[in-house]
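Down below is the structure, laid out as structure tokens.
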Amino acid sequence: MSLKAVSATKPLTGVLPVVQLPYHDDETVDFDTLGREIAWLIERGASGVAMAMVTETLRLTHEERKTVAAAICQAADGRGDSVISVGAESTFAAVELAKQAESVGATAVMAIAPISVPPLADELIRYFERLVAAVSIPLVVQDASGYVGRSIGIANMARLLEEFGPERILFKPEASPLGPQLSALRDATKGKARVLEGSGGIALLDNYRRGIDGTMPGSDLIVGIVAMWKALVRGDEAAAYR
């Protein structure tokens, strides 16, 4: 079964850890260890995996990004979702990466805004519009301004949701303060926005109450975060606190 078949039967949700990229001593990617990492994460209850900032995405060459994306999708295929980061400094490059990610079996693509020259609001909207149009899988709009780039803005996210709908576009707001940002997006979209959080588990309990659909932590604390997520889903707050 392909990842597209997995994503067609259920929405993108749950615990989707961002994989940490292993290297050999010569600085080439250790794909054998990467495959074992992904298997380990899924065996411990992850809904799938993501390629994002923790995966050294901004440090990879264009071709390395494609190769790593293909390896992640292949390792997760049939066992869970794979979300591939495709944000780039030009729309042309981002669209190329998005098309390649879909071709190798990604469940969804995710993109930050360009960071070297921050685009104007209308340019930013067109950047994400072209990414959505380039693929048939969902796009996760990632506001990584808590640690890189500038804020995308709640109004722009609401505009994109109005244009494409919750089946085609999701959001990962990481501007500070995180909790109020999640609530502002929820309120601006009347609860329609599908949101993934990235607090690494630190604010998961609070953010779950604000209506998130899933979480994208790092890989290291996956056992505890999966246990917390499952407790929250079944309404067992005592277990979640514990």
* To do: Can you check what the net charge comes to around residue 128, using other residues whose Cβ is under 12 Å from the Cβ of residue 128 (Lys, Arg +1; Asp, Glu -1)?
  => -1
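Computing the accessible area with a 1.4 Å probe over protein heavy atoms, can you report the carbon and sulfur percentage for the chain?
54 percent
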* **J(HN,Hα) series, the stretch 120-131, from Karplus relation 6.51 cos²θ - 1.76 cosθ + 1.60, nearest Hz, glycine and proline x** => 5, 4, 5, 5, 5, 4, 5, 4, 6, 4, 5, 5
* Asked: Quick one: accessible area per residue over the chain, 1.4 Å probe, rounded to a whole number of Å²?
  -> 44 Å²
* Asked: Per residue and in Å³, how big is the convex hull formed by the alpha-carbon atoms of the stretch 1-145?
  -> 106 Å³
* Show the residues, 5+ positions off or on another chain, whose built amide H is closer than 5 Å to the amide H of residue 84. => 51, 108, 109, 110
* To do: Quick one: work out the % antiparallel among DSSP beta bridges in the chain, nearest 5.
  => 5 percent
* Asked: Tell me, how many Å apart are the Cα centres for the stretch 181-242 and for the stretch 117-143?
  -> 25 Å
* Rounded, prolate or oblate (a/c below 1.5 giving rounded, otherwise prolate when a/b exceeds b/c) for the stretch 171-233 by Cα gyration tensor -> prolate
* **Where GluC sites (Glu not before Pro) fall in DSSP loop in the stretch 152-242, at most 14 other Cβ within 10 Å** => 167
* Structure fact -> Taking only C-alpha positions in the chain, Rg and Dmax in angstrom work out to 16.7, 51
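The values are calculated or read from the model by the stated rules, or taken from the named source; none is laboratory data. These numbers come from a predicted model, not from an experiment. FYI the Cβ positions are ideal-geometry reconstructions off the backbone, even for glycines, and counts take in every protein chain you see. Heavy atoms of the whole protein, side chains included, go into the accessibility calculation; ligands, DNA and RNA do not. Shrake-Rupley method; radii C 1.70, N 1.55, O 1.52, S 1.80 Å.
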